[in-house]
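The values are calculated or read from the model by the stated rules, or taken from the named source; none is laboratory data. This one's a predicted model, so the numbers in the text were calculated from it and none came from an experiment. To get the accessible areas, we keep the full protein, side chains included, count just its heavy atoms, and leave off ligands, DNA and RNA. Shrake-Rupley method; radii C 1.70, N 1.55, O 1.52, S 1.80 Å.
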Amino acid sequence: MSQVLNGKVAVVVGGSGGIGQETCRLLAEAGARVVAGYRSAKEKAEALVESLPGEGHAALPVSIENTPGIEAFRDAVIERFGRYPGRNQALGR
């Protein structure tokens, strides 16, 4: 796969399993630094980011039930990567 996302940050909320996990893999293969947002599957998300190609990926907790949880996630992404991408993939149950 070409590195069309080289240098970009991609956020996947719900990135620890299923479609979100595969989305993380595809984004990393395209060159993105991936943030796998998880609600409760910390170990699964951390194992995923360790297995992704490339470097600089992160597993971060996210709570989308309320505004403070979303803001805390956004702030954690900005602290880690210096910016928050304008678009992201949100997946849920």
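Numbers for the structure displayed
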| quantity | calculated |
| --- | --- |
| Carbon plus sulfur fraction of accessible area for the chain, probe 1.4 Å, in percent | 50 |
| Choice from G69, G56, G20 showing the highest fluctuation, given a GNM over the chain with Cα pairs closer than 10 Å | G69 |
| Å² per residue, accessible surface of region 1-92 at 1.4 Å | 58 |
| Rh by Kirkwood over Cα pairs, then Stokes-Einstein D for the chain at 1.567 mPa s and 4 °C, µm²/s | 101 |
| Segment S40-K8, length gained on full extension (0.36 nm per residue, minus Cα span) | 8.9 nm |
| Largest to smallest accessible area among E71, E79 [probe 1.4 Å] | E79, E71 |
| Most mobile listed residue (A30, A47, A59) in the chain, GNM with C-alpha springs under 10 Å | A47 |
| Length added when fully stretched, L26-R74, from 0.36 nm per residue minus Cα-Cα | 15.1 nm |
| The chain: most fluctuating residue of A58, A32, A72 per GNM, C-alpha cutoff 10 Å | A72 |
